[in-house]
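Trainee: First, the structure itself, so that you have it in front of you.
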């Protein structure tokens with residue numbers, strides 16, 4: 001898809017998005033995961049603005065891990081960078097927790113980045129305190 005993006009909308013007849021006139025289900029797994037992250041962020045923002053009760057929190061697991069361009073083994077840097085820049089620039093919509101193997105190299109000065117390293121003295125060993133191999 002890359003630079004060939006022209007349109008996107010939410011199709012209320014199937015409650016899913018259509019990108020460039022193509023239903024989400026016809027895209028590769030990586031793009032579907034990326035689009036699902038965008039839908040979830042949009043819903044969080046919509047609920048914050050229009051709902052009496054908003055969850056105020058969103059957790060997303062690996063929105064860019066399997067993102068691949070067609071016939072390419074490299075994740076499109078512009079897409080993953082844009083997603084993470086959006087997240088750091090729109091923190092007012094709520095707490096957003098992203099679990100990702102590799103994150104883009106951007107300015108995270110206003111975000112709390114926790115790196116899981118499996119090393120006791122470098123980063124965080126694991127998700128639970130006191131649990132080691």
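The values are calculated or read from the model by the stated rules, or taken from the named source; none is laboratory data. The structure presented is a predicted model; accordingly, all values stated were derived computationally and were not measured. Quick reminder, even Gly has a Cβ in these numbers, built from the backbone with ideal geometry, and neighbours come from all protein chains shown.
Trainee: Restricting attention to segment 62-70, does a residue exist that is on the phi < 0 side of the Ramachandran plot, loosely packed, with under 12 Cβ neighbours inside 10 Å and without any contact (Cβ under 8 Å) to a residue 12 or more places away in the chain?
Mentor: Checked segment 62-70: no residue is on the phi < 0 side of the Ramachandran plot, loosely packed, with under 12 Cβ neighbours inside 10 Å and without any contact (Cβ under 8 Å) to a residue 12 or more places away in the chain.
Trainee: Starting from residues that are in contact with a strand residue (DSSP E or B) (Cβ under 9 Å, 6 or more places away or on another chain) and assigned to a loop (DSSP other than H, G, I, E, B), keep the ones in segment 80-110 and report whichever is farthest from residue 43 (Cα to Cα).
Mentor: The qualifying residue farthest from residue 43 (Cα to Cα) is 100.
Trainee: Still on this structure, I have one more. Suppose we keep only residues that are touching a helix residue (DSSP H, G or I) at 6+ places or on another chain (Cβ under 8 Å) and surrounded by 10 or more Cβ atoms within 10 Å (Cβ to Cβ) within segment 108-129. Which one would you say is nearest to residue 60 (Cα to Cα)?
Mentor: The extreme case among them is 111.
Trainee: Another question, then. Hey, can you tell me all the residues within segment 38-54 that are touching a helix residue (DSSP H, G or I) at 6+ places or on another chain (Cβ under 7 Å) and at pLDDT 90 or above?
Mentor: Applying the first criterion (touching a helix residue (DSSP H, G or I) at 6+ places or on another chain (Cβ under 7 Å)) to segment 38-54 yields 44-45, 48, 54.
Within segment 38-54, 44, 45, 48 meet the criteria.
Trainee: Next question, about the same structure. Any residue at all in segment 2-23 that's in contact with a helix residue (DSSP H, G or I) (Cβ under 8 Å, 6 or more places away or on another chain), surrounded by 16 or more Cβ atoms within 10 Å (Cβ to Cβ), at pLDDT 90 or above and within 29 Å of residue 128 (Cβ to Cβ)?
Mentor: no
Trainee: Would you mind telling me which numbered condition in (1) outside any helix (DSSP H, G or I); (2) in contact with a strand residue (DSSP E or B) (Cβ under 6 Å, 6 or more places away or on another chain); (3) under 19 Å from residue 83 (Cβ atoms) residue 37 fails?
Mentor: Residue 37 satisfies all of (1) outside any helix (DSSP H, G or I); (2) in contact with a strand residue (DSSP E or B) (Cβ under 6 Å, 6 or more places away or on another chain); (3) under 19 Å from residue 83 (Cβ atoms) except (1).
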